[in-house]
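Derivation of every value follows stated rules applied to the coordinates shown; laboratory data play no part. Please read all numbers here as calculations on a predicted model, not as lab measurements. Don't worry about glycine lacking a Cβ; one is built from the backbone with ideal geometry, like all the others, and counts go over all protein chains shown.
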Amino acid sequence: MALHQYQVDLQWCGNLGQGTASYRGYARNFNVHHPLKSSILGSADPAYLGDIGRWNPEDLILASASACHQLWYLHLCAVNGVVVTAYTDHAIASMQDQDEKRRGHLTEMTLKPRVTVVEGTNLDLAQQLHIQAHHECMIANSVNFPIYCHAEIVLQSE
């Protein structure tokens, strides 16, 4: 087995002059850096005093799950003769606060891929490959909440 490692540098950029001297006295903003990639501007969810214009950790894990599923699905289609010409996903996630301290956890995700395939495609196979992609997805295999997939397969119009 191969061991893959990943590394990023995260830098908090929310010191408004007095650090964390008060709960509302600092911004939740951070930047994620990698020497070979574009930086990600992050913050907390607005419900936790974050900046709505920046990615929050919940957005990022949802995007990761959606992207991982998509990459596995496209791979499986390629090796099984299913020709995909377009793929979009409108994924959603739910998070539940557990107590008055607003500690919470993600409770579920739903992926809603819309996949366009060429005429003559075995639509049952195209649908079944989503199940296999879910089982192969590293993100889905790493989380402790369910990830559902409600895929729509459509034929490419000429």
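Between M95 and Q18, take the C-beta separation as r, use R0 = 25 Å, and let me know the FRET efficiency to the nearest 0.05. Between M95 and Q18 the formula returns 0.25.
With a simple spin-label model that places each label point 7 Å from the Cα along the Cα-to-Cβ direction, the separation between A86 and E108 comes to 2.9 nm.
Within the P(r) computed for the range 1-66, what percentage of the Cα pairs occupies the region above 16 Å? Percentage above 16 Å: 56. Between the exposed loop cleavage positions of the chain, defined as trypsin sites (Lys or Arg not before Pro) in a non-H, G, I, E, B DSSP state with at most 12 neighbouring beta-carbon atoms within 10 angstrom, the longest gap is 25-100.
For the chain, DSSP calls about 70 percent of its internal beta bridges antiparallel. Maximal additional length on extending the H135-W55 stretch stands at 26.1 nm, based on 0.36 nm per residue less the C-alpha distance.
Across the chain, the mean sequence separation of Cα contacts (distance under 8 Å, 6 or more residues apart), normalised by length, yields a relative contact order of 17 percent.
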